[in-house]
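The next block holds one structure in the form of C-alpha cells; read it before the comments.
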Amino acid sequence: MSLARSLLLRASRSPFLAGVLRRRRFVGRAVRRFMPGEELSDALDAARTLSLRGIGTVLTKLGENVTTLAEAEDVARDYGDALARIERAELPTQLSIKLTQLGLDADPGACERAVRALAARTPSGSTLWIDMEDGRYTEATLDLYRRIRADRLDVGVCLQAYLRRTPRDLEALLPLEPAIRLVKGAYAEAPSAAFPKKREVDAAYYALAIRLLERASAGKARPVFGTHDMRLVTRIRARAAEMGVPPRRCEFHMLYGIRERDQLALASAGETVRVLISYGSAWFAWYLRRLAERPANVWFVLKNLV
Ligand code: FDA
C-alpha cells in the first residue's frame, strides 16, 4: 500500500481531523465532487437526472459506527422514509446500508431486526444492499447476510477482492443464489488479511468475477461489479459475452462523480449501470477513503484551497 494511501486511511479514523476539516469551506466544496449534497432531496434530484440518462442509482446515507441504539433507530427511520420517497417518485433507485450505522456494535439483534424490516419494505424486483466495512466486521456481516438471505429476502452483500479470505466466503455464499457486489476494498487492512499490491487485488477481482459469471450463466447468482477500473470492466464484459451471461443478469455500479463518461457509454452499450450516491453530513471518513483511492485527488483539494 502506498504511503499516501495509508496516511489518508489513517487520517480517516481521526475524530480530531474530522472536527477541524468538516468546518472548512474549501473541503466542503471539494466533497461536492463526489456527492450532490447532504440532503436526501439532493440525492433524489441526482437520481432523477441519472435515470433520464438510462442509469439507475443506489443511495446511501453516510455514517458508520454509531454508538447508541437511539442513533441507529434514527438511521433506520431515515432509510424507511427514503424508501417511501423513492417509491413515490417512481425512481429506479435502491438503498445500500452499513451495519455499524444500524447499530451492529451497540445491539446486533436490533441491527438485524432493522435490516430485516428494511428488506421487507424494499419493493419486489429491487434489492437492499449491505456494504462491507473494515475487516473487524466481515464475519458478522456475512453471518447476518446468510440468515436474512436464507429467508429469501431480496438482499445483496458487498465482497472485497483485496481480502485473502474472499474466495472462501464467496463459495460459502453461492448456495444461497446471492446478489453480490464485488469491489476491490477501501479500508486499511494488514497484509496478512489483504493483498497489499494493486496487481494482486486486480487479479483476485478478475478471478472472483469469473466465478460469479459462471454462477450467473446458470441463473444462480446476480453479480454486480462495483469498480471504475475500465480494464477490468472490458475483460469482464468480454468474458460474460463468451459465457452467454445476458446483460440483465449482471450490473456495473460506480460511484457518483467518478468516470461519468464511462457510465454513460456502458449504459448506451446496453449494460445495466447504477451509480451509488451518498448523502448526509457524516462525510469525513468516507471522503478520505475516496482520496485514498486516488491520491491525485488530493491535488484537486489543494487547488480548491488556493
Ligand atoms: P482502482 O482503484 O484501480 O481505480 C480504477 C480507476 O478508477 C482509477 O485509475 C481512476 O481513474 C478511477 N478512480 C477510482 N477511484 C477513484 C476516486 N476515488 N476518484 C477518482 N477516480 C477514481 N469498498 C468497500 O470496502 N466496501 C463497500 O461496501 C464498497 N462499496 C462500493 C460500491 C460501489 C458501487 C463502488 C464503485 C465502490 C465501492 N467500494 C466499497 C469502494 C471500492 O472498494 C474501491 O475502493 C473503489 O471502487 C476504487 O477501486 P476501483 O475498483 O474503482 O479501482
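Using the rule -39500 (n - 2.57) for each DSSP H run of four or more residues, divided by the residues of the chain, the 222 nm mean residue ellipticity is -15500 deg cm²/dmol. Taken about its Cα centre, the stretch 51-108 carries a charge dipole of roughly 380 debye when the Cβ of each Lys and Arg holds +1 and the Cβ of each Asp and Glu holds -1.
Karplus-based coupling profile of the stretch 161-168, in residue order and whole Hz: 5, 6, 6, 5, 7, 4, x, 5, with θ = phi - 60° in 6.51 cos²θ - 1.76 cosθ + 1.60 and x standing for Gly or Pro.
Say each of E242 and A4 gets a label point 7 Å from the Cα, pointing the same way as Cα to Cβ; how far apart are those two points in nm? If labels sit at E242 and A4, their model points lie 3.5 nm apart. Classify the stretch 69-137 as rounded, prolate or oblate from the Cα gyration tensor: take a ≥ b ≥ c as the square roots of its eigenvalues, call it rounded if a/c is under 1.5, otherwise prolate when a/b beats b/c and oblate if not. In terms of gyration-tensor shape, prolate.
Annotation: amide H of T272 within the under-5 Å range of F252, sequence separation 5 or more or interchain, hydrogens built in the peptide plane.
Judged by the mean number of other Cβ atoms found within 10 Å, the most tightly packed of the peptides 36-42, 109-115 leads the ranking 109-115, 36-42. Is the C-alpha gyration tensor of the stretch 193-270 telling us rounded, prolate or oblate? Criteria: a/c under 1.5 is rounded; beyond that, a/b larger than b/c is prolate, otherwise oblate. It comes out oblate by the Cα gyration axes. Extension gain for A269 to D42 (0.36 nm times residue separation, less C-alpha to C-alpha distance): 78.9 nm. Under 5 Å between amide hydrogens, built in the peptide plane, is the criterion, and for C158 it picks out I130, M132, R181 among residues at least 5 positions away or on other chains. Rolling a 1.4 angstrom probe over the protein heavy atoms with all chains in place gives the stretch 36-282 an accessible area of 42 Å² per residue. So for the stretch 36-282: antiparallel DSSP bridges make up what percent, rounded to the nearest 5? Expressed as a percentage, antiparallel bridges in the stretch 36-282 total about 5.
Amide H to amide H, with H built 1.01 Å from N, L59 comes under 5 Å of Q94, L95, S96, I277, counting only residues 5 or more places away or on other chains. When a/c reaches 1.5 or more, the comparison of a/b and b/c decides; with that in mind, is the chain rounded, prolate or oblate per its Cα gyration tensor? Verdict is rounded for the chain.
In order along the stretch 279-294, phi translates into HN-Hα couplings of 9, x, 9, 8, 8, 4, 4, 4, 5, 5, 5, 5, 5, 5, 5, 8 Hz, rounded to whole numbers, per the Karplus curve 6.51 cos²θ - 1.76 cosθ + 1.60 with θ = phi - 60° and x for Gly and Pro.
The label point for S192 and the one for R235, both projected 7 Å from the Cα toward the Cβ, are 2.9 nm apart.
Here the extension length gained between E139 and A117 equals 5.8 nm, from 0.36 nm per residue of separation less the Cα-Cα distance.
Here the stretch 36-282 is assigned +1 on the Cβ of each Lys and Arg and -1 on the Cβ of each Asp and Glu. Its dipole about the Cα centre then comes out at about 1140 debye. Residues in the stretch 56-61 carry Karplus couplings, in order, of x, 9, 9, 9, 9, 8 Hz; the curve used is 6.51 cos²θ - 1.76 cosθ + 1.60 with θ = phi - 60°, and Gly or Pro positions show x.
The values are calculated or read from the model by the stated rules, or taken from the named source; none is laboratory data. In this text the structure is predicted, and so the values were computed from the model without any measurement. Cβ sites come from the backbone with ideal geometry, for glycine too, and all protein chains shown count toward neighbours. Heads up: the accessible areas ignore ligands, DNA and RNA and are worked out on the full protein's heavy atoms, side chains in. Shrake-Rupley method; radii C 1.70, N 1.55, O 1.52, S 1.80 Å.
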